[in-house]
Amino acid sequence: MTSSPDSPSPDKPDGKEPTEAAEAAEAAKAAETGKDAAAAEAADAAKPADSDKPAEAAKSADADKPAEAADAGKSADADKAGEPADADADKAAAADKPADADKSDKLAKSAKPADAGKADKPAEAGKSGEAGKASEKGDPAGGDADAKKAAAATATATATVPEAIKAIPVRHYGRWISAVVVLGLLGLLVNAFASAKVHYSTIPDYLFDSTVVEGLGKTVLISVLAMLLGLVGGILLAVMRLSKNPVTSSVSWAYIWFFRGTPVYVQLLLWFNLALIFPYINLGPIYRDEMSDFMTPFMAALLGLGLNEAAYMSEIVRAGIKSVDEGQTEAAHALGMSQARTLRRIVLPQAMRVIVPPTGNEFINMLKTSSLAAAAAQYLELLRSTSDIGQTTGAPVEMLFLAATWYLILTSIFSVGQFYLERRYARGSLRTLPLTPWQKVKANLSSFSNRPKGGVSA
């Protein structure tokens, strides 16, 4: 093998032995010639590790492996002259460490600085020379393209979204069985009434009869007035019950005890027949008349229903007042408010949130309880009007169905009003107001239309 006369020979004693630092410098020059920035960074990264122990590397090259040092010098000469490396040197390097040669090829392609910095032994200096030749002969853009492809493949694998899990709903066979049983019983009930001897065509004929409409108006009138009387009386009784005066507190307790302890039907009979024991009503200079003229069916129904309702409303109002924190009352008194003003402006507005729901239930109950006035006080309300029509037309059952229909219509209308009233007074206590009936219908329709097919995706 021929070598340049200017290059030092490893057999000559006065020649300088190639060190790993020199080989790294040659690799840096080759990187500059090929304009491969990655190889230059590898050479720079290898310099600190090589410059720390140059003497130790030289001794190791002289004493342990003179043949490998000679081959490394030849590789360095070939790199410096720009000539291809000799086949014998390649075979020797491949025979020493074939795995390292494969690594050097990968190093030259990917141009990774970490692989270039692994020049701990003299034999690995040959790998730097091979990397320099590869950088001179090859296209530097090829390594960058491979690196970009590898990075793109890694990013694609990382960004892969897992497949959506389809959650299958749990089968509730008990619900289906109970639904079938209920529907079967409902079907039997409908079949029984359908086959009964009832002339259903008679009901719509008398639905808006003048007598029925008049009775309907009296039912609403007596219910509203009796409820107002019961509400006002209940507030007074509740205040008396909470009073520190033992007389008023005791009278309120006795009133509630009596009217809640006796049936409302008995009370209506007592008020209607009060003229039997009191011929006259004498209120002094205010009013004086015969009891039979004063205690009409309307007055008997109003007093009987209203005073009985006052006993129940007093407990409802008392519970609402007790629900307001005592600090509210103390703060109002500290501001100079009187007891009545505090109750009217501070306590009752806050207690309405507790009072309104049961009050609405009591009013709906009053609509139905007013039917007792037909029998006890002979008051011509809805039930009495339909009963009279049934006796004259020979269709008493059909007229009872008619009365039930109107009672259902009335209770449904006032139930909607109760809902909106409760919703208004709940604004200060709930973060989210309950949905209105129309909002519930729209929400149910949208949930059915937006339901996914084939299970629920999680």
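Rule-based calculations on the coordinates, nothing more; no lab input. What you are looking at is a predicted structure, and each value in this text was computed from that prediction instead of being measured. With ideal geometry, Cβ positions are generated from the backbone for all residues, glycine too; neighbour counts draw on all protein chains shown.
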- Task: Using Cα pairs closer than 8 Å and at least 6 residues apart in sequence, work out the relative contact order for segment 200-449, in percent.
- Result: 26
- Note on the structure: Per-residue Cβ contact counts at 10 Å, fewest first, order Ile413, Ile355 as Ile413, Ile355
- Item | Ranked list, fewest to most other Cβ atoms within 10 Å of each Cβ, for Leu268, Leu186 | Leu186, Leu268
- Message: Suppose R0 equals 56 Å. What FRET efficiency, 1/(1 + (r/R0)^6) with r the Cβ-Cβ distance, do Ile165 and Thr436 give to the nearest 0.05?
- Response: 0.95
- Task: Provide the packing ranking of 191-201, 252-262, i.e. peptides ordered by the mean count of other C-beta atoms within 10 Å per residue, highest first.
- Result: 252-262, 191-201
- So, counting K/R as plus one and D/E as minus one, what does the shell of residues with Cβ under 15 Å around Ala275 add up to? -2
- Segment Ala426-Val213, extension gain: residue separation times 0.36 nm, minus the distance between their alpha carbons: 73.1 nm
- Message: Once you order the gyration tensor axes a ≥ b ≥ c over the Cα atoms, which shape class does segment 200-449 get: rounded for a/c under 1.5, otherwise prolate or oblate by comparing a/b with b/c?
- Response: oblate
- Message: Suppose each label sits 7 Å from its Cα in the direction of the beta carbon; what would the Ile277-Leu188 distance come out to in nanometres?
- Response: 5.0
